[in-house]
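> Below is one structure. I have some questions about it.
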Amino acid sequence: MRDAERNEFAETIFWGGDIITVDDANPTAEALAVANGKIVAVGDREQVLEFKGPATETIDLQGKTLMPGLVEPHSHPVISALLYDWIDVSGFTNASGAEVIEKLKQAAERAKPGEWIAAFGYDPILIRDLKALSADLLDEISRRNPIFIMIQSMHTVYVNHLALEIAGITDDSPQPEGGIFVKDKSGRLTGMIIEQAAIASVMMPILLESQAKGFDLIERQIQRYAKAGYTTVGAMGVFPVFLNWQNILRELVERDDCPIRMTIVEKATDLEQGITVDLGSASDRLRSGGAKFWYDGSFGTGNVYLDKPYLNSRLMQQGLGIPENTSGYPTMSKQKLKELVRKYHDQGRQIVIHGQGDRAIRDMIDVYEAVLAESPRQDHRHRIEHGGLFPIDQMERAARLGLTASWHVDYIYYYGEALRDEIIGSERARISYPVGAAEKRGLLNSLHNDSPMYPVEPFRLIQTAVTRKTRNGETIGEEQALSVDEAIKAVTINAAWQLFLEDKVGSLQVGKLADMVVLSENPRKIEPDRLDQIRVIETYRDGRRFRFQ
Ligand SMILES: [Zn+2]
């Protein structure tokens with residue numbers, strides 16, 4: 001019998017498969033009912049069937065698994081949309097250096113004189129016969145077309161001389177704050193450019209060219225998230241914010257047939273120039289806030305800020321063009337970081353800082369601690385992103401301060417052996433991306449793909465966090481593994497919490513939005529090594545269905 005106060009029937013009732021709720025009080029359920037885009041019942045089949053009315057659609061899961069729609073806490077939808085339109089030279093899809101160089105040569109032959117040749121994913125770590133590039137080497141591919149090649153980690157690009165000329169960068173150009181136009185010993189530009197502050201000046205003409213295709217490109221990226229099972233995406237900045245990308249995002253995300261919702265964290269570099277993301281009527285579907293900083297860089301660029309130097313190796317010096325005996329460096333002084341964090345903290349924003357090195361992360365926690373002591377604030381949810389060598393002895397302090405971490409465990413899957421043998425050595429690799437330690441010490445953790453840094457593959461994240469296996473099957477630091485349930489939380493409720501959406505999405509509970517995903521298999525039951533084989537059958541956003549199989 002229906003309760004007197006229960007005045008609505010469900011539009012849809014799901015049953016007939018496993019239901020993972022990600023609600024600790026009731027981790028599994030037999031059935032779930034949805035009305036008006038919200039979950040109105042979840043639990044025993046009989047109890048949920050009380051919501052069945054004459055018009056209710058009953059969906060038999062036929063043994064498939066229903067769980068909360070996945071939440072990507074850190075991604076770059078605009079830059080992904082752009083880069084996936086470029087020539088793909090990545091180690092995810094190319095097997096050899098010869099293949100990559102041939103692709104570039106063919107592009108140069110096809111291109112009209114003056115047309116840009118832009119490529120993404122150059123990766124001497126995964127493709128061993130690739131070398132650090134230079135303007136001289138790229139001139140051999142073309143002198144009549146500007147060439148722009150971004151490495152997989154996105155913190156370095158290589159350009160030819162024509163590209164430097166078009167961008168107006170000469171041997172005498174000043175170095176931009178936070179970026180480097182690399183020069184050789186005689187003061188000549190090498191064609192290697194490091195960090196966004198410097199990269200942006202060369203990239204601008206390419207971005208302007210792709211404006212016309214913007215709508216289609218972003219739509220494709222939204223589909224990539226949805227097909228992977230994501231229903232919520234945290235976008236770290238809208239790049240480049242001065243073009244009309246935010247309007248495109250707004251138009252696409254607020255459309256009724258958009259399968260995802262999005263939260264945009266604004267880039268501090270934009271905020272510093274007085275540029276904010278203006279979304280007009282911010283809704284449940286699209287909102288903005290926060291402030292995102294970079295304090296160090298990536299292993300592949302040599303600017304992860306470390307306590308002890310990187311290894312010297314053929315890969316580091318010849319492959320990646322990184323000087324010997326370096327310990328990396330931060331993008332700004334600790335004092336400057338503190339000023340900026342204080343400023344945006346005092347504006348009531350959530351702070352999100354890219355931190356990979358042990359030295360970088362310790363500095364960041366110092367800064368957070370100092371700012372919070374001067375200007376206490378409850379429920380700030382300030383974040384530490386990626387966590388390459390998060391010092392384990394700093395985790396309890398971080399947890400006490402209310403900080404939260406989001407992890408790049410894909411690095412272990414794709415680059416684990418190189419990290420161990422050629423970049424930082426086995427002792428540090430064993431405690432790289434130490435999510436297990438963080439979980440035990442009370443940090444709230446999420447996992448992210450950071451597209452376009454890695455493909456949009458949430459079940460790969462879960463698999464790597466659980467198995468700590470590389471793509472060649474080697475295990476690195478198994479003490480740092482998460483349980484499957486912990487990893488599931490890291491791509492659902494924890495990620496939702498980091499985006500201030502935990503009361504709306506991230507678990508299947510009465511009153512929450514009906515954002516859900518139907519999977520071919522149950523991640524809690526499948527063999528851990530097969531987690532990445534799980535297929536997304538369909539997703540629901542606010543109860544609306546999107547089919548993918
Ligand atoms: Zn990122």
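Read-outs: derived from the displayed coordinates by stated rules, not from any lab. All figures in this text were calculated on a predicted structure; none of them were measured in a lab. We place every Cβ from the backbone using ideal geometry, glycine too, and count neighbours over all the protein chains shown.
> Please arrange Ser446, Ser333 by counting, for each residue, the other beta carbons lying within 10 Å of its beta carbon, fewest first.
Listing Ser446, Ser333 from fewest to most nearby Cβ atoms yields Ser333, Ser446.
> For Leu447, what residues show an amide H to amide H distance below 5 Å, using hydrogens built from the backbone and excluding near sequence neighbours?
Amide H to amide H, under 5 Å and 5 or more residues apart or across chains, Leu447 pairs with Trp407, Val491.
> Then there's this: Given H placed 1.01 Å from N in the peptide plane, which residues other than close sequence neighbours of Ala35 have an amide H under 5 Å from its amide H?
Those qualifying (amide H under 5 Å, at least 5 residues apart or on another chain) are Glu11, Val40.
> Spelling out what I want: for every residue of the range 310-325, take phi, set θ = phi - 60°, compute 6.51 cos²θ - 1.76 cosθ + 1.60 (Karplus), and round to whole Hz; glycine and proline get x.
Computed from phi, the couplings for the range 310-325 are 4, 5, 8, 7, 4, 4, 5, 7, 7, x, 10, x, 9, x, 5, 6 Hz.
> Hey, can you grab everything whose amide H is under 5 Å from the amide H of Ile59? Only 5+ residues off in sequence or another chain; H modelled, so Pro and N-termini drop out.
So Ile59 has HN proximity to Ile13, Phe14, Trp15.
> Testing the spin-label approximation: label points 7 Å from Cα along Cα→Cβ at Ile166 and Asp379. State their distance in nm.
5.0 nm
> Enumerate the calculated ³J(HN,Hα) couplings along the range 116-127 in order (Karplus 6.51 cos²θ - 1.76 cosθ + 1.60, θ = phi - 60°), each rounded to whole Hz, writing x wherever the residue is Gly or Pro.
Along the range 116-127, the couplings run 6, 10, 10, 9, 10, x, 3, 8, x, 6, 7, 10 Hz.
> I'd like the distance separating the alpha-carbon centroids of the range 461-487 and the range 154-175, in whole Å.
40 Å
> Ordered by packing density, taken as the mean number of other Cβ atoms within 10 Å over each peptide's residues, highest first, how do 167-173, 314-320, 511-517 rank?
Answer by packing, highest mean first, reads 511-517, 314-320, 167-173.
> Report the Rg/Rh value for the chain, based on alpha-carbon coordinates and the Kirkwood definition of Rh.
0.98
> Mind scanning Lys103/Lys227; Lys105/Lys185; Lys267/Lys336; Lys64/Lys227 and naming the pairs with a C-alpha gap bigger than 20 Å?
As for pairs spanning more than 20 Å Cα to Cα, those are Lys103/Lys227; Lys105/Lys185.
> May I ask you to derive the FRET efficiency for Glu140 and Thr28 from their Cβ-Cβ distance with R0 = 56 Å, giving the value to the nearest 0.05?
The formula returns an efficiency of 0.40 here.
> For a quick check: sort Val367, Val159 by the number of other beta carbons within 10 angstrom, fewest at the front.
The order, fewest Cβ neighbours first, is Val367, Val159.
> In the range 78-210, if every C-alpha pair distance is counted and binned at 10 Å from zero, what percent goes to each bin?
13, 47, 35, 5
> Taking θ = phi - 60°, what integer Hz values does the Karplus form 6.51 cos²θ - 1.76 cosθ + 1.60 yield along the range 440-453, in sequence order, with x for Gly and Pro?
Computed from phi, the couplings for the range 440-453 are 5, 9, x, 7, 8, 10, 10, 10, 9, 8, 6, 3, x, 4 Hz.
> Continuing with this model, one more query. At 0.36 nm per residue, and after removing the present C-alpha to C-alpha distance, how many nm does the segment from Glu479 to Glu50 gain when stretched out fully?
In short, 149.8 nm is gained.
> Distance in nm between label sites at Lys183 and Arg547, each 7 Å beyond Cα in the beta-carbon direction?
The two pseudo-label positions are separated by 6.2 nm.
> What number, in nm² with one decimal, is the all-direction average of the projected area of the convex hull of the alpha-carbon atoms of the range 143-297?
The orientation-averaged projected area of the Cα hull of the range 143-297 comes to 10.7 nm².
> Where does helix 196-210 land angle-wise versus the long Cα axis of the chain, in degrees 0 to 90, nearest 10?
Taking the Cα atoms of the chain, the angle to 196-210 is about 70 degrees.
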